[in-house]
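Please read the structure below before turning to the comments.
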Amino acid sequence: MNPAWAAALSRVSFAEHLQGCRWFGGKAQSLSGVEVLEAISVGDAGCLVLLRVEYTEATAETYLLPMRLAWVDGAEVWTDALEDEKFRAALLEIILEERRLCSATGELVGICSAAFKTQAKEMAEQLPSRVLSVEQSNSSVLYGDRFFLKLYRRLEVGGNPDVELLRYFTERNSFEHVPGYGGAIEFQGAEGGTRVLALLVTNVPNAGTAWTTTLRRLERKNGMGESGPARLLGERTAQMHLALAAGDGPEFTAEAFDDSYRESLRRMMAETTQRMMRLLELRMADLPRQIQAEAARLLRHEDEILQRYASLIDPEVGATRIRIHGDYHLGQVLDTEGDFVIIDFEGEPARPLHERRMKHSPLRDVAGMLRSFDYAAYTVIAKQGGEDAGVLEWTERMSEAFLDAYLRTAHGAAFLPESEMQMRKLLDACLLEKAVYEVCYELNNRPDWAVIPLRGVLRILDESSAG
Ligand SMILES: Nc1ncnc2c1ncn2[C@@H]1O[C@H](COP(=O)(O)OP(=O)(O)O)[C@@H](O)[C@H]1O
Ligand SMILES: O=P(O)(O)O[C@H]1O[C@H](CO)[C@@H](O[C@H]2O[C@H](CO)[C@@H](O)[C@H](O)[C@H]2O)[C@H](O)[C@H]1O
C-alpha cells in the first residue's frame, strides 16, 4: 500500500464511521478491531479500501470503502470517492476496457461481456453518472440511462450469486425479466481467493420498486382491489424458477431433496433462530419500551420454533431443489409499469456465501414475497398509527393471488412438492425462517424496523398453534 495513504488511513476513525453507514451489517455487534487490509489505487481518482472488521462475538467481516483524499478548509481529509464523478468514471472504465490494476496484495481485474464491449466502442464521450440514494444494502451508480453499477460492501472470497445468475440468464437468454449482465470488477488476491467488488448491468427504466409502488397504492388506498399485479408477479416468479430449474452443470443442475440436505436445512434454520435469539437478548435494552414485552415473549419461544422446523421438514417431501433468487421481496422487483423486472440475486446479505449459493426449494423465494406483502401492510399500519382491517385484508388477497398464479404457472414442475399438504408444510417452515432472518437483519441494519418481523414471527406462531 502507498505509504502516504497508509499513514493517512491510520488516522481515520473507521469504527465510528461504520455505525452511520446504512450498508454496515454489524450494528448489533461490539467491534473489537478494524484493520485496513489493502488500499487499491484506482488511477489518481481515489482508492478501494478493504477493511477487516473484528467483533467480540461474531466472525470477522471484510468491507469495501471507496475513498478519496481531498482538501477541505485547508486540511487533508478522506471523503467518499463515490461522490466524485472522476472516480465513478474510472470504475466504469475498468470494466468496459477490461483493465488490470496491480496492488501490493493482488490484482484488480475488469471483466466485460461481449455485448457491453460493443457498446463501449460506440460510446464516444463519458456518460454523466450519479450515486443512487435508495434503500439498499450496497451502493449503486447510474451512468446516463444505460448502465447500472453496484458496488458490493461486504466482501467474501468466492463466486458472487448476483453475477453468476444474471450471467446465466443473459447468456442463455432463458428469462427476459432481469437486467442484462454487462461485467464485473474482481480483486484476485496474490495468495489465492477472488472477491467480486462490483457488478455492471443494463439500466432498467422503472417507476420504482414494487415495494415503493405497493406502499404508494396502499397509502392512497388506490387500486387496492386489483389483484392483477400480484398475479403477474406470481407468474413471473414461477417463470424465473422454471428457467433456473432448466440449468445444467454443477452450479445449476437440480438436486434431490434428500436426507443430508434436509439435515443441513434444519441446521441452517436452527442457527438463524439461535442467532436471532442471542441478538435479541443483546439489544433488548435498546428496543422501544412498548416492544420489549413482545421481544421477551419471543425469547420464550426458542424451543418451540426449533421443534416446529423439525416437524415441518417432512421426510416425505419429494421435490427437487434448484438455484433460487435467495432474498426475494418487493424491493427486488422493478415496477416497469405493466410488468416486472427482477433484480439483486445476491441472496440474503447476512448469510455466508456458501449458503447463498446452495440449491434450495424455490418455495423459499415464494415465502420471501409473502412476507414482503405482510411487511408492506404493517409499514403502512405503523405510519397510520393503528390496525387497519382494509390493509390487512388487502395483504391476504394479494398473497392468495400471487400464490395461485405461481402454482398455476409452475404446475407439474419437479421442484414443487407432490401433495398440497407437503407444499403447505414446506412453505410454512420457509415463512417462519424468513421472519426469523428478518429480525436479525433489522437488528443489525435498521433497528427501528425490527418490530415488524418480530411481530411477524409471533403472529406465525400464534396462527399455527390456533390452526
Ligand atoms: N438494473 C437496474 N436498473 C435500474 N435500477 C436498478 C437496477 N438494479 C437495481 N436498481 C435500483 O437500485 C436499487 C438497489 O439495487 P439492489 O440490487 O437491490 O441493491 P442491494 O443489493 O444493495 O440491495 C434497487 O432497489 C433499484 O431501485
Ligand atoms: O435488498 P437487500 O438484498 O439489501 O435485502 C436486505 O434488505 C431488505 C431491506 O432493504 C430486507 O427486506 C425486508 O424489508 C423490506 C422492506 O424494506 C421488505 O419488503 C422485505 O420483505 C423484508 O425482508 C431483506 O430481508 C434483507 O435481506
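No lab work stands behind these numbers, since they all come straight from the coordinates. Small disclaimer: the values here were computed from a predicted structure and weren't measured. Glycine also receives a Cβ, built like all others from the backbone with ideal geometry; neighbour counts cover every protein chain displayed.
Observations, loosely collected:
- Val333, Val341 arranged by Cβ crowding within 10 Å, fewest neighbours leading: Val341, Val333
- Here, segment 231-380 is characterised by an Rg to Rh ratio of 1.00, where Rg is the alpha-carbon radius of gyration and Rh the Kirkwood radius.
- Selection from Gly159, Leu31, Thr379, by position along the positive dipole direction of the chain (Cβ): Thr379
- Taking every full run of DSSP H in the chain, the ones that stretch at least 18 Å from end to end by Cα along their long axis and average 0.5 or higher on the Kyte-Doolittle scale are 451-466.
- Annotation: the residues Lys425, Lys150, sorted from fewest to most other C-beta atoms within 10 Å of their own C-beta, follow the order Lys425, Lys150.
- Under the combined filter of DSSP loop state and at most 11 neighbouring Cβ atoms within 10 Å, segment 262-315 retains these trypsin sites (Lys or Arg not before Pro): Arg300.
- FRET efficiency for Ala414 and Asp145, using Cβ-Cβ distance with R0 set to 45 Å, rounded to 0.05: 0.65
- Segment 90-175: GluC sites (Glu not before Pro) falling in loop per DSSP and having at most 14 other Cβ within 10 Å: Glu97, Glu98, Glu125, Glu135
- Taking other residues whose beta carbon is less than 12 angstrom from the beta carbon of Leu299, and scoring Lys, Arg as +1 and Asp, Glu as -1, yields -1.
- Asp248, Asp73, Asp365, Asp404 arranged by Cβ crowding within 10 Å, fewest neighbours leading: Asp73, Asp248, Asp404, Asp365
- Calculated [θ] (222 nm, deg cm²/dmol) that DSSP helices of n ≥ 4 give over the chain, each run adding -39,500 (n - 2.57): -14500 deg cm²/dmol
- The loop-placed GluC sites (Glu not before Pro) in segment 358-430, going by DSSP, that have at most 15 neighbouring Cβ atoms within 10 Å of their Cβ come out as Glu387, Glu418.
- Where the Cα pairs of segment 3-202 fall when distances are cut into 10 Å bins, in %: 8, 34, 37, 17, 4, 0
- Mean silhouette area of segment 253-342, derived from the convex hull of its C-alpha atoms and averaged over all directions, reads 9.3 nm².
- Its Cα gyration tensor gives the chain an equivalent ellipsoid. The semi-axes, each the square root of 5 times an eigenvalue, are 37, 27, 22 Å from largest down.
- Distance between the 7 Å Cα→Cβ label points at Asp314 and Arg289: 4.7 nm.
- Tally of Lys pairs whose C-alpha atoms are under 17 Å apart, taken over the chain, 8 or more apart or cross-chain: 4
- The local environment of Gly193, defined by Cβ-Cβ distances under 13 Å, has a net charge of -4 under the rule Lys, Arg +1 and Asp, Glu -1.
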